[in-house]
Amino acid sequence: MSATIITDRLSLATVAEVSARPGVAGPAVDPRALGTGMVHFGVGAFHRAHQAVYTEDAATATGDTRWGILGVTGRSARVAEQLGPQDGLYSVLTKARDTSSLRVVGSLRGVAFPGTGSEEVLRTLAAENVHLASLTITEKGYPRKLGGGLDLGNPAVAADVAALKAEVAGRGFAGPGRTPLGLLARGLARRHASSGAPFAVMCCDNLMSNGGVTRGLVLELAEAAGAERLLEWLDAAVTFPSTMVDRIVPATTEANRREAEQLLGRRDEGLVVAEPFGQWIIEDNFPGPRPAWERAGAVITGDVGPFELAKLRMLNATHSLLAYLGALRGHATIADAVAAAGLVEEARRLQRNDIIPTLTAPPGTDLAAYGESILDRFANPNLGHTTIQVAMDGSQKLPVRILGTVADRLSAGEVPLSGALLVAAWMVFVYRGRDANGRSLPLDDPMAEALRAAADGSEAGLAGRLLAVKEIFPAELADHPEFRTAVAEAVRKLLSEVP
Ligand code: CS2
């Protein structure tokens, strides 16, 4: 059978022609020249618009061609199906307020779907030319049980522990990985058994101390598999740098794809859309070589903590506030919510009254100005970032984004009224399931069923019933009288305001 060359898509066969078109920037480095030096779990839009771009820019700045990426998809093969026929090439459509630009990125040198490509992932993680793995698997990708720690009761985790045991015992390939961390742990075991060369695992998800969280879960997987020697090696040779990542990446729409197609002269099924801004703070904790991301604008630092905390509390919390309040009022996008009467003031109040007093400014940062710059980015009308996209997975996001702020304010003897408003807006979003115009608001959340069940009942008892969901609200908050009252009052007000 002769191979069919697809010419109506962006691919290695068409990239030269595509890159010569006006308004298109071609890959900064010849993708064919890149070796594979890292594996990325969760090759969704965010990775493609963030780490993959920094990695290509680092290669351009240094001429170091070792750092092509093997991307690993989540549970669906969709991204592999989109990017496979395009040889991993895709473009980033950057949308400023009134201008757009398009560049083709070539740093993804392969995409594997765990259902069929787990063995390739394991082999790559063990390869001597590969030095690190990074992750953007979203908050729900870290299988933790109530109170923290690895959720061994999750059947997918249990299956991965069994497969890790088989890997450690040298019984060969034990089937597809069921969770990203399970597959990663098996790859690390394979590496330990082959070269044992040092390795870094870099979490790029919106979690506090994201390196430490990832390390804890990987070690627990090894412990659960009884892999003593692997544990010793993980301790000695594998680091888990923390990072803070920031770039707003709305879901790509068909209209975006058509816009890109006009420019490319070819179809790009892997297109991602992003704002112009990007930030990446990386803990300086790599035991082997890594791309020179600092040459691409990333900051390598000894302590990521203050940056992580400020970003999650300031940006992500105000994002969620605007998403829930905006969605309830019938605003389709974050920019519409920012432009609507009164909502941006709520976001400012949240930053000023509740969040900023809990933070230590990261080096070189003025927190009030940081807050304004965030609201300015949200106001970008050209992005089309939907309130529904930010509203998803609230059960996973609220604890990281707002409950730490709430706890800190309560310990300081203050009642965080804006924090309570955010919690209340989420509750009304869950309860109502529709906006002020009667349009349905989907509850896209791994806990959707349990949340619907908890929300069901009288309006007056709503706050109390949802505060009792232990997976989200620690007892100190759920039982705190002033906080309970503030949330209940905000829920009552919202229910009366939004018909
Ligand atoms: C957003 C984030 O969807 C969401 O919940 O708050 O994805 C946000 O756009 C990024 O963290 C920005 O860096």
- request: Find, among the GluC sites (Glu not before Pro) in the stretch 91-156, those assigned to loop by DSSP (not H, G, I, E, B) with at most 15 other beta-carbon atoms within 10 angstrom.
  value: Glu128
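Tell me the mean residue ellipticity at 222 nm calculated for the chain from its helices only (DSSP H runs of n ≥ 4, each -39500 (n - 2.57), averaged over every residue, nearest 500). Walk me through the numbers on the way to the answer.
Working: 23 runs with 218 residues, N = 499.
Here the helix-only value at 222 nm equals -12500 deg cm²/dmol.
With a cap of 10 neighbouring Cβ atoms within 10 Å, and only residues DSSP puts in a loop, list the GluC sites (Glu not before Pro) found in the stretch 419-499.
Working: sites: Glu449, Glu459, Glu471, Glu476, Glu482, Glu489, Glu497; in loops: Glu459, Glu471.
Listed in order of number, the matching sites amount to none.
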task: Calculate the all-directions average of the projected area of the chain's alpha-carbon convex hull, and give it in nm².
output: 23.7
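Take the solvent-accessible surface of the protein heavy atoms, probe 1.4 Å, and return the percent of it on the chain that carbon and sulfur atoms account for.
About 51 percent, which is the carbon plus sulfur part of the accessible surface.
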message: Under 8 Å for C-alpha pairs, at least 6 residues apart: give me the relative contact order for the chain, rounded to a whole percent.
response: 14
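Translational diffusion coefficient, Stokes-Einstein: compute it for the stretch 207-287 using the Kirkwood radius over C-alpha pairs as Rh, at 25 °C and 0.890 mPa s, and state it as an integer in µm² s⁻¹. Let's see the in-between values first.
Numbers: Rh = 16.2 Å.
In µm²/s, the coefficient rounds to 151.
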task: For the stretch 431-499 and the stretch 105-124, write down the distance between their C-alpha centroids in whole Å.
output: 41
task: Calculate the length of the line joining the C-alpha centroid of the stretch 136-171 to that of the stretch 378-399, in whole Å.
output: 28
message: On the principal axes of its Cα set, how long, how wide and how thick is the stretch 305-497? Give whole Å, largest value first.
response: 48, 40, 28
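Name the trypsin sites (Lys or Arg not before Pro) in the stretch 342-385 that are in a loop by DSSP and that have at most 10 other C-beta atoms within 10 Å, would you?
When the trypsin sites (Lys or Arg not before Pro) of the stretch 342-385 are filtered for loop state and at most 10 Cβ neighbours within 10 Å, nothing remains.
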Estimated Rh, the stretch 104-251: Kirkwood, alpha-carbon pairs, angstrom: 15.6
- prompt: In square angstrom, what is the accessible area per residue of the stretch 287-438 with a 1.4 angstrom probe?
  reply: 34
- prompt: Using every alpha carbon pair in the stretch 15-301, what percent of pairs falls into each 10 Å bin from 0 up to the bin containing the largest distance?
  reply: 7, 30, 36, 20, 7, 1
task: Determine the dipole magnitude for the chain: charges of +1 sit on the beta-carbon of Lys and Arg, -1 on that of Asp and Glu, nothing else is charged, the reference point is the Cα centre, and the result goes in debye to the nearest 20.
output: 700
- line: Put Ser395, Ser100 in order of accessible area, largest first, probe 1.4 Å, and you get Ser100, Ser395
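Can you sort Lys470, Lys165 by solvent-accessible area, 1.4 Å probe, largest first?
Result of the area sort, largest leading: Lys470, Lys165.
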field: Amide H contacts under 5 Å for Val299, placed H, 5+ residues apart
entry: Trp280, Ile281, Ile282
- prompt: What is the magnitude of the charge dipole of the stretch 188-243 about its Cα centre, with +1 placed on the Cβ of each Lys and Arg, -1 on the Cβ of each Asp and Glu, and no other charges, expressed in debye to the nearest 20?
  reply: 200
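Quote the relative contact order of the stretch 305-497 in percent (integer), defining contacts as alpha-carbon pairs under 8 Å separated by 6+ residues.
The normalised contact order for the stretch 305-497 reaches 25 percent.
The values are calculated or read from the model by the stated rules, or taken from the named source; none is laboratory data. A quick note: this is a predicted structure, and the numbers were derived from the prediction, not measured. With ideal geometry, Cβ positions are generated from the backbone for all residues, glycine too; neighbour counts draw on all protein chains shown. SASA here: full protein model, heavy atoms, side chains in, ligands and nucleic acids out. Shrake-Rupley method; radii C 1.70, N 1.55, O 1.52, S 1.80 Å.
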